[in-house]
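Encoded as structure tokens, the structure appears first; notes follow it.
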Amino acid sequence: MPTYRSHVLVCGGTGCVAGGSQIVQARMKEELVKKGLDKEVLVVQTGCHGMCELGPIVVVYPEGTFYTRVQPDDVKLIVEEHLYKGRVVEKLLYKPSEKMESVKHYNELPFYAKQHRIALRNCGYINPDNIEEYIARDGYQALAKVLKEMTPDDVINEMKTSGLRGRGGGGFPTGMKWEFCKKSVSDKKYTICNADEGDPGAFMDRSILEGDPHSVLEGMAIGAFAMGADEGYIYCRAEYPLAIKRLKTAIAQAEEYGLLGRNIMGTNFSFEIHIKEGAGAFVCGEETALMASIEGERGMPRPRPPFPANKGLWAKPSNINNVETWANVSPIIINGGAWYASMGTEKSKGTKVFALTGKVKNTGLVEVPMGITIREIIFDLGGGIINDKAFKAAQIGGPSGGCLTEAHLDTPVDYESLTAAGAIMGSGGLVIMDEETCMVDVAKFFLEFTQRESCGKCVPCREGTKQMLLTLERITRGEGTMEDLDKLEELAVMVKESSLCGLGQTAPNPVLTTLRYFRHEYEAHIREKTCPAKACAALIQYIVNPDLCRKCGLCAKNCPVTCISGDRQTPYVIDQSKCIKCGTCLEVCPFKAIRKE
Amino acid sequence: MKITSLEDLRKIKASATDQTSARSEGKTRIIIGLGTCGIAAGARAVMEAVLEELSKRGLKDVSVEGTGCIGMCQQEPLLDVIRPGEPRITYGLVTVQDVPRIVSEHLVNGRIVEDRLIGRAD
Ligand SMILES: Cc1cc2nc3c(=O)[nH]c(=O)nc-3n(C[C@H](O)[C@H](O)[C@H](O)COP(=O)(O)O)c2cc1C
Ligand code: FES
């Protein structure tokens, strides 16, 4: 086997693949052969690095040089300059800003400096399609330890000591959940991995499945051993084809090595894993609806109790955990629960992965210790707000979560503090908003989502969210009344308290928090018929300033509804009755003669 | 092959660790000048000799890096050795014949090869 002096890691996560990383990878191999370097340099496809924004990402080891936005035409340069002549290709390095120096090494990026990667430990570092690379990083050591040296109770105690809480949104202590399921007596039990990931904009779970599928398989096997299950399901939405493909490969490889299947590692513990593809309904992420869906029923929630630990899949005791929860299990077993519990805050231990999106400079995937402040995430890791605009709000927890304001920037990120502020930890969606975001519009956006995704089984959720949405739509059109606000609040509380499942119980959160922290914006829409952020189409106008107009006609040429008129002699005017407020004219005007008000 | 014991897993881990060793940090580094000047003076052959010597001796925890011209072209091929916690040692006018000596003396036994030494930096 040849010793490769250098490894070139090409990101094969969904983000980078969309940016053309597969062509980059193929071109890389060709160029290496051309230069006769293919025996010295190995090309490895990895999972997501979390910096999809800057993709396609290429990292060259042993130097650890981090190249961004690598296009197929750049490959030749990397091969000839870096790999052949040892010269770093400056123009492909990441530059945090114009004035700052470019960053050469992975570890020097501010984006990574504050991260603590446990669940993401292998993402972007190993080839997910190669089980040996996982094993090289202590993979399946935890399973071996559990099978050869520990009892199921030892495992559960270790999980309890770790303080790990469910990362799917609920935050229930994982060790306790396992214990309930273990104590349930039955001839058959199931462990399930929830990979439905329905929050709009979230991609934590997808990245783990794509970048390190074995970490989930190993965690599930350990859980199955502890609880006495012999069969497992991974419920993954069909919109994640790459994750499903990598999972299938990983399962086949683990079976070949005897790490899954019958008599694992020569013991009498047997465990097999199936993949169930879901159609991508948000409600199917709710545990009881998910189980119904696996059984072939309609994905609708069932009342609890009975809890899955007693009567779950096919009425057998079952345990369901989120992808990220499962990925944390092996490191806890190897390093001990106390090690995990040494990170984080008093009641929220360890780390959490967030999908940082919206108006921040560095969007992407970050894994941070619990207790970090929202300010640190946005301004240190995220690099601040795009174009250095003012920060307005952070929406945390997806459609079930809430909006936090500037006053909350120093709130530590842990389950209790976020709940106290009216938001939730949720599964890790974190959307940053700047001064140009209208909070009523944001509430409307999330409610549109939950209203559409409501399964319709219970009345409060089905009808309540609909009425709330209609009210919000009225307000954003400038037709709301002050009574609407009271009604909205009343409805929100009613839906929250009387819905059957978590979808309805949390759907009003975005409305309630925006009402609480941004009530003045609602009032402006109602009383003054204006949208302070100038985002709601019905309440804004595009106007040509005749003094600045140079009569070039570009606006009229680009207007999709031809509602702008004028000629070389007369300044252009917008016919407000026909204008659809698309904003194209404002963008194309070279003289900034068009304004929004 | 089925893994049935800890020993089996350990073996796979050992060979897999070798495969990925180029990606791990905190080990001995050999840095070779691969600028145009270095290549003209035979640095590629030196690099290949280093790789061959390392694999002959089964030395896995050594990273081999390239670097550009550092302005001492008359001393090329240049080869630096950095052992963890020790100063950076620079050798000049390195030939393919010197490589086994540098590897066995310096990398394995920690003794600097004085007759090729041209610099030391902390
Ligand atoms: C409407 C709704 C959607 C949910 N979607 C997800 C999801 O996509 N992924 C997930 O892991 N949990 C989701 N959950 C939470 C699950 O019901 C369940 O609590 C979780 O899978 C348990 O795993 P954990 O303890 O590891 O977090 C959802 C809950 C509700 C009410
Ligand atoms: S997909 Fe490449 S960094 Fe995320």
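It is to be established whether one or more residues within segment A:334-346 are of a type outside the set (D, E, K, R), within 16 Å of ligand 2 (Cβ to nearest atom), more than 14 Å from every other protein chain (Cβ to nearest Cβ) and closer than 26 Å to A:G201 by Cβ. Reasoning before the result, please.
We begin by selecting, within segment A:334-346, every residue of a type outside the set (D, E, K, R); these are A:334-345.
Imposing the further condition that a residue be within 16 Å of ligand 2 (Cβ to nearest atom) reduces the set to none.
No, segment A:334-346 has no match at all.
From the set of residues in segment A:74-104 that are of a type in the set (A, V, I, L, M) and open to solvent by 20 Å² or more (accessible area, probe 1.4 Å), which is farthest from A:K35 (Cα to Cα)? It comes out as A:M100. Counting only residues that are open to solvent by 60 Å² or more (accessible area, probe 1.4 Å) and assigned to a strand (DSSP E or B), how many does segment B:88-103 have? Residues meeting the conditions: 1.
Residue by residue, here is whether (1) surrounded by fewer than 17 Cβ atoms within 10 Å (Cβ to Cβ); (2) not in a helix (DSSP H, G or I) holds:
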position	(1), (2)
B:I30	no, yes
B:G38	no, no
B:M47	no, no
B:S63	no, yes
B:I70	yes, yes
B:V81	no, yes
B:E105	yes, no
B:G110	yes, yes
B:G119	yes, yes
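Looking only at residues that are more than 10 Å from every other protein chain (Cβ to nearest Cβ) and β-branched (V, I, T) in segment A:55-64, which one is farthest from the chain's Cα centre (by Cα)? The qualifying residue farthest from the chain's Cα centre (by Cα) is A:V58.
For every residue, the table says whether it meets (1) in a helix (DSSP H, G or I); (2) more than 9 Å from every other protein chain (Cβ to nearest Cβ).
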| position | (1), (2) |
| --- | --- |
| A:H7 | no, no |
| A:Q25 | yes, yes |
| A:V43 | no, yes |
| A:E53 | yes, yes |
| A:V70 | no, yes |
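When segment A:253-278 is limited to residues that are within 16 Å of A:S215 (Cα to Cα), open to solvent by less than 50 Å² (accessible area, probe 1.4 Å) and part of a helix (DSSP H, G or I), the one that is nearest to the other protein chains (Cβ to nearest Cβ) turns out to be A:A254.
How many residues does segment A:351-377 contain that are closer than 19 Å to A:R165 by Cβ and among the charged types (D, E, K, R)? The number of residues fulfilling the criteria is 2.
On the stretch given as segment B:57-87, residues that are over 23 Å from A:Y4 (Cα atoms) and more than 13 Å from chain A (Cβ to nearest Cβ) total 8. Here A:E197 meets the list (1) under 29 Å from A:E346 (Cα atoms); (2) charged (D, E, K, R); (3) in a helix (DSSP H, G or I) almost entirely, failing just condition (3).
Any residue at all in segment A:79-87 that's within 26 Å of A:L209 (Cβ to Cβ), small (G, A, S), more than 16 Å from ligand 2 (Cβ to nearest atom) and not assigned by TED's automatic domain parsing to the domain that holds A:G364? Walk me through it before giving the result.
Our first condition is that a residue be within 26 Å of A:L209 (Cβ to Cβ); within segment A:79-87, this holds for none.
No - not one qualifying residue is present in segment A:79-87.
Of the residues that make up segment B:8-25, is at least one of a type outside the set (D, E, K, R), open to solvent by less than 50 Å² (accessible area, probe 1.4 Å), at pLDDT 85 or above and under 15 Å from the mean Cα position of the chain (by Cα)? The answer is no, given that none of the residues of segment B:8-25 is of a type outside the set (D, E, K, R), open to solvent by less than 50 Å² (accessible area, probe 1.4 Å), at pLDDT 85 or above and under 15 Å from the mean Cα position of the chain (by Cα). Residues considered: A:A279, A:A309. Of these, the only one that is more than 12 Å from ligand 1 (Cβ to nearest atom) and not hydroxyl-bearing (S, T, Y) is A:A279.
Quick test for you: out of A:G232, A:G299, pick the one residue that is surrounded by 15 or more Cβ atoms within 10 Å (Cβ to Cβ) and assigned to a loop (DSSP other than H, G, I, E, B). It would help to see each step written out before you state the result.
Working: A:G232 fails: assigned to a loop (DSSP other than H, G, I, E, B).
Every option except A:G299 fails the conditions.
From A:V146, A:V185, which residue is farther than 30 Å from A:V431 by Cβ, over 27 Å from the mean Cα position of the chain (by Cα), open to solvent by less than 10 Å² (accessible area, probe 1.4 Å) and outside the structural domain of A:R452 (by TED's automatic domain parsing)?
Values: A:V185 fails: open to solvent by less than 10 Å² (accessible area, probe 1.4 Å).
From the options A:V146, A:V185, the qualifying one is A:V146.
Residue count for segment A:174-194 satisfying the condition of being within 15 Å of ligand 1 (Cβ to nearest atom) and either within 14 Å of chain B (Cβ to nearest Cβ) or outside any helix (DSSP H, G or I) (or both): 5.
Looking at segment A:467-570, the helices (runs of 4 or more DSSP H) lying wholly inside it that each contain 1 or more residues that are within 16 Å of ligand 1 (Cβ to nearest atom) sit at A:482-498, A:502-506, A:509-517.
Can you tell me which residues in segment A:382-412 are part of a helix (DSSP H, G or I) and surrounded by 23 or more Cβ atoms within 10 Å (Cβ to Cβ)? Steps first, answer last, please.
Going residue by residue through segment A:382-412, those that are part of a helix (DSSP H, G or I) are A:386-388, A:398-400, A:406-408.
Within segment A:382-412, A:G398, A:P399, A:S400 meet the criteria.
On inspection, A:Q25 qualifies as buried (at least 21 other Cβ atoms within 10 Å of the Cβ), away from ligand 1 (no atom under 16 Å from the Cβ) and of a type outside the set (A, V, I, L, M, F, W, C). When segment A:369-378 is filtered for residues that are crowded, with 23+ Cβ neighbours inside 10 Å and touching a His at 6+ places or on another chain (Cβ under 7 Å), only A:I374 remains. Among the conditions (1) in contact with a strand residue (DSSP E or B) (Cβ under 6 Å, 6 or more places away or on another chain); (2) crowded, with 24+ Cβ neighbours inside 10 Å; (3) touching a residue at least 60 places away in the same chain (Cβ under 8 Å), A:E53 misses just one, which is (2).
Limited to segment B:45-83, what total is found for residues that are under 13 Å from the mean Cα position of the chain (by Cα) and within 17 Å of A:E81 (Cα to Cα)? Residues flagged as under 13 Å from the mean Cα position of the chain (by Cα) and within 17 Å of A:E81 (Cα to Cα) within segment B:45-83 amount to 5.
Residues are listed down the side, and each one gets a yes or a no for (1) part of a helix (DSSP H, G or I); (2) within 12 Å of another protein chain (Cβ to nearest Cβ); (3) within 30 Å of the chain's Cα centre (by Cα):
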{"position": "A:D74", "(1), (2), (3)": "yes, no, yes"}
{"position": "A:L77", "(1), (2), (3)": "yes, no, no"}
{"position": "A:L83", "(1), (2), (3)": "yes, yes, no"}
{"position": "A:S97", "(1), (2), (3)": "no, no, yes"}
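If I go through segment A:128-143 residue by residue, how many of them are surrounded by fewer than 23 Cβ atoms within 10 Å (Cβ to Cβ) and facing chain B (nearest Cβ under 9 Å)?
If we filter segment A:128-143 for residues that are surrounded by fewer than 23 Cβ atoms within 10 Å (Cβ to Cβ), which is where we start, we get A:129-130, A:132, A:137-138, A:141.
Adding the requirement that they be facing chain B (nearest Cβ under 9 Å) leaves A:130, A:132, A:137-138, A:141.
Matching residues across segment A:128-143 total 5.
Each residue in segment A:437-466 was checked for being hydrophobic (A, V, I, L, M, F, W, C) and assigned to a loop (DSSP other than H, G, I, E, B), and 3 pass.
Please count how many residues of segment A:565-584 are of a type outside the set (S, T, Y) and out of contact with any Lys or Arg (no Cβ under 9 Å at 6 or more places or on another chain). Quick ask: steps written out before the conclusion?
Quick first cut of segment A:565-584, residues of a type outside the set (S, T, Y) only: A:566-569, A:571, A:573-576, A:578-583.
Checking which are out of contact with any Lys or Arg (no Cβ under 9 Å at 6 or more places or on another chain) leaves us with A:573-576, A:578-580, A:582.
Going through segment A:565-584 one residue at a time, the tally reaches 8.
The values are calculated or read from the model by the stated rules, or taken from the named source; none is laboratory data. Just so it is clear, the structure is predicted and the values come from calculations on it, not from any experiment. Don't worry about glycine lacking a Cβ; one is built from the backbone with ideal geometry, like all the others, and counts go over all protein chains shown. Note: accessible area is taken over every heavy atom of the protein model, side chains too, but ligands, DNA and RNA are not part of it. Shrake-Rupley method; radii C 1.70, N 1.55, O 1.52, S 1.80 Å.
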